[in-house]
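Trainee: This is the structure I want to talk about, given as C-alpha cells.
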Amino acid sequence: MERVAFMLRLKPGAADAYDEAHRQVWPEMLALLKCAEISEYSIFRRNELLILSLRVEVDFETAWQKIENDPVNLKWQQTMSAYFQPLDGDLKPGERFPMLHEVFYLP
C-alpha cells in the first residue's frame, strides 16, 4: 500500500464553493475511487492551498489509470476544474499533480 500526497491551488474566491462541493461528493464518484482501491482520502485547505492525501493499494499511477477516463471522473474533474488555478509552474516533468515527498509518518 502506498501513501500519496499532492497539492493544488484554488482560484481566489473559490474556496467556499469548493468546500461545498466536497460536502456533497457524488456517490458514484466515491464508488469509483473505492473501485480503484483508493482509501483514506483527505483534502486539507488553507486559504487557496489544498493538500490532498490518500492511500492506494498498488501505486498512484495505477490507481489513477483506473479512473482517469471513466465518465463519472471526467464529469467530476470538469466540474472541479472551475475552482483550480493552472498547475504549470508547480509540475515536475511527467507529473500529473505536484506530488509531495513523504518525510515522516507515525502509524
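The values are calculated or read from the model by the stated rules, or taken from the named source; none is laboratory data. Fair warning: this is a prediction, and the values are worked out from it, not measured in the lab. Cβ sites come from the backbone with ideal geometry, for glycine too, and all protein chains shown count toward neighbours. We work out accessible area using only protein heavy atoms, side chains counted, and drop any ligands, DNA or RNA first. Shrake-Rupley method; radii C 1.70, N 1.55, O 1.52, S 1.80 Å.
Trainee: What about L8, is it in contact with a Pro (Cβ under 9 Å, 6 or more places away or on another chain) and at negative phi? Before you say what the answer is, go through the steps one by one.
Mentor: Working: in contact with a Pro (Cβ under 9 Å, 6 or more places away or on another chain): yes; at negative phi: yes.
So L8 fits the description; yes.
Trainee: Looking for something in a strand (DSSP E or B) and over 28 Å from G89 (Cβ atoms) - is there at least one such residue anywhere in the range 14-35?
Mentor: No, that holds for no residue.
Trainee: Which of the residues that make up the range 44-65 are over 16 Å from V4 (Cα atoms) and surrounded by 13 or more Cβ atoms within 10 Å (Cβ to Cβ)?
Mentor: Restricting attention to the range 44-65, the residues satisfying the condition of being over 16 Å from V4 (Cα atoms) are 45-49.
Across the range 44-65, the qualifying residues are R45, E48.
Trainee: Could you count how many residues in the range 59-95 are assigned to a loop (DSSP other than H, G, I, E, B) and either without any contact (Cβ under 8 Å) to a residue 60 or more places away in the chain or farther than 21 Å from R45 by Cα (or both)? Steps first, answer last, please.
Mentor: Here is the first cut: in the range 59-95, the ones assigned to a loop (DSSP other than H, G, I, E, B) are 59, 68-70, 82-83, 85-87, 91-95.
Then keep just the ones that are either without any contact (Cβ under 8 Å) to a residue 60 or more places away in the chain or farther than 21 Å from R45 by Cα (or both); that gives 59, 68-70, 86, 91-95.
Number satisfying all stated conditions: 10.
Trainee: For residues that are touching a residue at least 24 places away in the same chain (Cβ under 8 Å) and open to solvent by 80 Å² or more (accessible area, probe 1.4 Å), scanning just the range 1-36, find the one that is nearest to the chain's Cα centre (by Cα).
Mentor: R9
Trainee: Yes or no: F84 open to solvent by less than 60 Å² (accessible area, probe 1.4 Å), modelled with pLDDT under 95 and touching a strand residue (DSSP E or B) at 6+ places or on another chain (Cβ under 7 Å)? So that I can check it myself, show each step before the final result.
Mentor: Working: open to solvent by less than 60 Å² (accessible area, probe 1.4 Å): yes; modelled with pLDDT under 95: no; touching a strand residue (DSSP E or B) at 6+ places or on another chain (Cβ under 7 Å): yes.
It is false that F84 is open to solvent by less than 60 Å² (accessible area, probe 1.4 Å), modelled with pLDDT under 95 and touching a strand residue (DSSP E or B) at 6+ places or on another chain (Cβ under 7 Å).
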